[in-house]
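Remarks on the structure that follows.
The values are calculated or read from the model by the stated rules, or taken from the named source; none is laboratory data. Just so it is clear, the structure is predicted and the values come from calculations on it, not from any experiment. All Cβ positions, even for glycine, are placed from backbone atoms using ideal geometry, and neighbour counts span all protein chains on display. Calculation scope for accessible area: heavy atoms of the full protein, side chains included, ligands and nucleic acids excluded. Shrake-Rupley method; radii C 1.70, N 1.55, O 1.52, S 1.80 Å.
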Protein chains: 2
Amino acid sequence: MNRVIDIISRVRQIDGQFSKREQLVADLVLSQLEDCSQWSQHEIAEAAGVSVATVNRFCQSIGCEGFREFQIMLAQSVAVSMQYLGGPSRDSSESDQLVTQVFGALVDTLHLARSQLNSDAIAEATDALANARRIAFIGVGGGSANVAREGANRFFRLGILAEAHADGYFQRMLASTLEPGDILFAISSSGQPTELLDSVDIARQYGATTLSLTRTGSSLAERSDIAIELAIPEDQDIYKPSASRLVFMAIIDVLAAGAARKRPERVKEYLRRIRTSMIALSGDTSPKPIGD
Amino acid sequence: MNRVIDIISRVRQIDGQFSKREQLVADLVLSQLEDCSQWSQHEIAEAAGVSVATVNRFCQSIGCEGFREFQIMLAQSVAVSMQYLGGPSRDSSESDQLVTQVFGALVDTLHLARSQLNSDAIAEATDALANARRIAFIGVGGGSANVAREGANRFFRLGILAEAHADGYFQRMLASTLEPGDILFAISSSGQPTELLDSVDIARQYGATTLSLTRTGSSLAERSDIAIELAIPEDQDIYKPSASRLVFMAIIDVLAAGAARKRPERVKEYLRRIRTSMIALSGDTSPKPIGD
DNA sequence: TTATTTTTGTAAGTTACTTACATTTTAAGT
DNA sequence: ACTTAAAATGTAAGTAACTTACAAAAATAA
């Protein structure tokens, strides 16, 4: 029973590393999945503006034996995807295609992440977070720093003292002020930044629990008490934003939801207070997201 | 899928009404679904002990145009079936369920958003952003402020002067410094905050283009030159973080990807520079996400 | 600039699907 | 039981589609 290999993900994975003309084929396929799954090699070649041989080589580049195999795998992937995305998409305009492509990549990456997530790590993490007195999120570089901020934003709403810092020096100083019962939550897609590694070492030294959300097997993962590890291939197409940050944020959501469930009373009270303050400000009493 | 015709069901439906030899084919197909989905017409003919022409006629009998079409439909049906049967959803632990729930909600919301997105607004927005000299993202409250930061983070990488601000007073002052060719991008899930409304009014007054990502029909949407509007129901379960912020970020991704495509040269050069600076810092030359 | 490697399209080659037609089988009528 | 017409089937020719070899063009390195 050979498993259904998701050919679409495979194309996305290699996206950006194709040769010029093959990239044209990749773009076409990703932007018009449904059409391509029904077109012949010749039709795809014509639509992409390349020769049939290039289409064939494209198929081989992504690991298929030839177009025949690719065609069937694509049809399967599309059929399975449609199960998720529901009805047929009429990708008429360029904008529609863009949306489909970006959202599709995100959904794919979410699935990939789910398959990689270690349940035990998640369980340990939610447990530690739910009982933490103070949580310090740290991250460097635009992306991870924002994920850290979002983490603080989520947990702060649960009535847990949460903060986020992007400054390497401040991070180290902060780490040295932590104590048992506190959590240092390091976020990095590469798991390399010295600032984070140092901070984790310092925090552990003072007895704080260190938690990380980072790349599988990275230095950061190794040094942390609890590591949530992911191996997400970065999109090689430089014109396309990578979905990994959003997946990181989604995981923060998971942790926040998990922690909230473990401390229902505490959370409820704090949310009530926050909501009250918001209503006082806007006069709007309808149920709305807490904070804008 | 263009039509959700489950070919397996169709074979079962006609089962017993086939001619003698075609029935042999039907029996074979139904008993060895997976094998048949990968076999050629010739292989199936041999396995069933009939001629290839009979296999072809069998395909036509069940409504396909020929073997080609049958082969693809069978492959799709098998792939979808496998999703249900051999599927990876073994939600054993509590953590797994949590992940499934949060990710599932996100995927659902993405789907909803896709159906609501106005292609024209997206097209107009990407066009304006691609040609902007300066983009100022503004948002208030933890969530939207972070989306704004993420927006600045994305566009800054495209070589466009991008900044984000969460301070209401600063936002108003900033708005008054904008000029034609500049963009004020206001982000708010409610579309109510006075800071944003004021800022948009001020920016328009000075000739800047105002863009918003907000709730359908909100004051903010009405006042903006271009409004990307969404009506996403907030999850009432207070223990569950709402998916709307992530969807907002996903839309920022869409816009960034669209804008990048319209200015390939510009983007390429800036990304090259940023990447070079990162390599100098870490010594790692492998293709990696730009910024952590 | 030149040499080398990589990429690409053309065209020939091969496979596999499709169709026409003759043969066989089946079934109904005599 | 025989005849005949209709249906079913297989053979073989036909055709469309995929694959591969090779030479030209482009990109890269020296």
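Shown in residue order for region B:167-176 are the 3J(HN,Hα) couplings computed by the Karplus curve 6.51 cos²θ - 1.76 cosθ + 1.60 at θ = phi - 60°: 8, x, 6, 4, 4, 5, 5, 4, 4, 6 Hz (x for Gly and Pro).
Copy-to-copy label distances for B:M173, where each label lies 7 Å from Cα along Cα-to-Cβ, are 2.4 nm in order of increasing length.
Just to confirm a number: summing +1 for Lys and Arg and -1 for Asp and Glu over residues other than A:Q60 whose beta-carbon lies under 12 angstrom from that of A:Q60, what do you get? Taking every other residue near A:Q60 into account, the sum is -1.
For region A:99-175, which whole-number percentage of the solvent-accessible area (1.4 Å probe, protein heavy atoms only) is attributable to carbon and sulfur atoms? Carbon and sulfur: 57 percent of the exposed surface of region A:99-175. Note on B:S40 and B:Q17: the extension gain reaches 5.9 nm, defined as 0.36 nm multiplied by sequence separation minus the Cα-Cα distance. Calculated accessible area for region B:157-242 comes out at 40 Å² per residue, all protein chains present (probe 1.4 Å; ligands, DNA, RNA ignored). Measuring heavy-atom accessible area with a 1.4 angstrom probe and counting protein chains only, the residues of region B:140-181 that give up at least 20 Å² relative to the chain alone are B:G142, B:N146, B:R149, B:E150, B:N153, B:R154, B:R157.
For region A:1-59, which whole percent of the accessible surface, found with a 1.4 angstrom probe, sits on carbon and sulfur atoms? Solvent-exposed carbon and sulfur of region A:1-59 make up 49 percent of the total.
Cβ-Cβ distance of B:D201 and B:E163, R₀ of 22 Å, FRET efficiency by 1/(1 + (r/R0)^6): the value works out to about 0.65. Here the Karplus relation 6.51 cos²θ - 1.76 cosθ + 1.60, evaluated at θ = phi - 60°, turns the backbone of region B:204-209 into coupling constants of 4, 4, 8, x, 6, 8 Hz, with x for every Gly and Pro.
Between chain B and chain A, roughly 7400 Å² of accessible surface gets buried, counting both sides and using a 1.4 Å probe.
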